[in-house]
Amino acid sequence: ESGEGVDGGAGGVKYGKATDLLDFINLVSDMALAERQHLPEEMGVVLNKKEMAVQKGRYQINREFVLFPWKLTYKNPRTGLVPNGSFGKVHLAQDTKTRKRMACKLIPMENFRAADVEIQAKFRHENIAELYGALLWDQKIHLFMEAGEGGSVLEKVDSCGPMREFEIIWVTRQVLRGLEYLHANKVIHHDIKPSNIVLMSDKAVLVDFGLTVQMTEEMYTPRDLRGTEMYMSPEVVLCRGHDTKIDIYSLGTTIIHMQTGSPPWATRFPRTAYPSYLYIIHKLAPPMEDVAEDCSPAMRSFLGRAMERNPTLRASAPELLTHEALHPPREDQ
Ligand SMILES: Nc1nnc(-c2c[nH]c3ncc(-c4c[nH]c5ccccc45)cc23)o1
């Protein structure tokens, strides 16, 4: 029942559809600061009735849900907070009635971009972290999402070292399915990297859509440099317009990180001596010299196609999903 709480409660939190959530996001984005400052109670839209039990229009911290520090799988929980997303801290949340564990990203209103939510609300795919609901409370947007309790690929590599090729193939296939879906809808993620791929027991999902854009023309011409330098494609660095192929290049650099434990360039050009990699990427990409020595010939060929310097010649997600590197003969595994 969109517009009403589960029992018709008049509280500020309603069950609704993605369109109701987008209306809510636009409402709070247009709210004057004074209006937002003295909210009597939380307000928001919950998409997923199964996981989030709204009570009489209320969904309050330490009542309908609690926030936990993540029990970081590999490290003792320092702050218990997941490394910062694009603009917010990610906690582990649990609904006190359904016991469902979720990721909850807290984004201060001053940093909030509607794009952070629009894409996740509009596009649903098993390899994209599902959005369960969005609330505004205490000047912060609370985004409740599907939780990858296995942590991110970055935490896994930092704690357990380089991944074996069959693990890399498993992650790469899932990421490519998510990218195939986004790119078919002309959506560019813009920040594909190990920390934005999180692990569940049976799948890997893409997270952090804070830099995502939906293309309206064939090319997207950015106003600013978006993404993380080490994983950036030459055409993004050039800032003369790019398309969805930039995510494919970033997946290639992410695979190098998974197989060597370091991002491309960092070993040959230590960060201490090189404050910025933009010029190196512009002049030297693609970083085929950083591919692991024990990389299989099939995976090396895959990386050559994914990091092709010319985006029009670079492979697409559907093309790479059929690449032999992702379908090794059984005895290789
Ligand atoms: N920036 C951002 N925007 N949305 C997310 C997000 C949605 N669901 C999630 N599930 C897990 C993690 C996560 C990252 N590192 C971790 C280390 C240990 C445990 C969990 C994690 C992050 C998310 O992250």
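The values are calculated or read from the model by the stated rules, or taken from the named source; none is laboratory data. Model, not experiment: these values are computed from the prediction. Virtual Cβ from ideal backbone geometry, glycine too; neighbours counted across all protein chains shown. Ligands, DNA and RNA are stripped out before the accessible areas are found, and what is left, the full protein with its side chains, is counted by its heavy atoms. Shrake-Rupley method; radii C 1.70, N 1.55, O 1.52, S 1.80 Å.
As a summary of the residue check, G88 satisfies the conditions (1) within 13 Å of the ligand (Cβ to nearest atom); (2) open to solvent by 10 Å² or more (accessible area, probe 1.4 Å); (3) within 26 Å of I188 (Cβ to Cβ) except for the one numbered (2).
Of all residues in segment 238-265, those that are more than 30 Å from S159 (Cβ to Cβ) have Cβ atoms under 6 Å from Cβ atoms of residues that are of a type in the set (A, V, I, L, M, F, W, C), 6 or more apart or on another chain, in G241/M219; H242/V236; D243/M219; T244/I188. Of the residues contained in segment 160-183, one or more are found to be more than 23 Å from A315 (Cα to Cα), touching a residue at least 24 places away in the same chain (Cβ under 8 Å) and in a helix (DSSP H, G or I).
For segment 17-37, state whether one or more residues are of a type outside the set (D, E), at pLDDT 90 or above, outside any helix (DSSP H, G or I) and open to solvent by less than 70 Å² (accessible area, probe 1.4 Å). No: zero hits. Within segment 92-123, the set of residues being assigned to a helix (DSSP H, G or I) and open to solvent by less than 50 Å² (accessible area, probe 1.4 Å) comprises M109, A115, D116, V117, I119, Q120, A121.
Take the conditions (1) part of a loop (DSSP other than H, G, I, E, B); (2) open to solvent by 10 Å² or more (accessible area, probe 1.4 Å); A315 misses just one of them, which is (2). The condition of being of a type in the set (V, I, T), assigned to a helix (DSSP H, G or I) and in contact (Cβ under 8 Å) with a residue 60 or more places away in the chain does not hold for I281.
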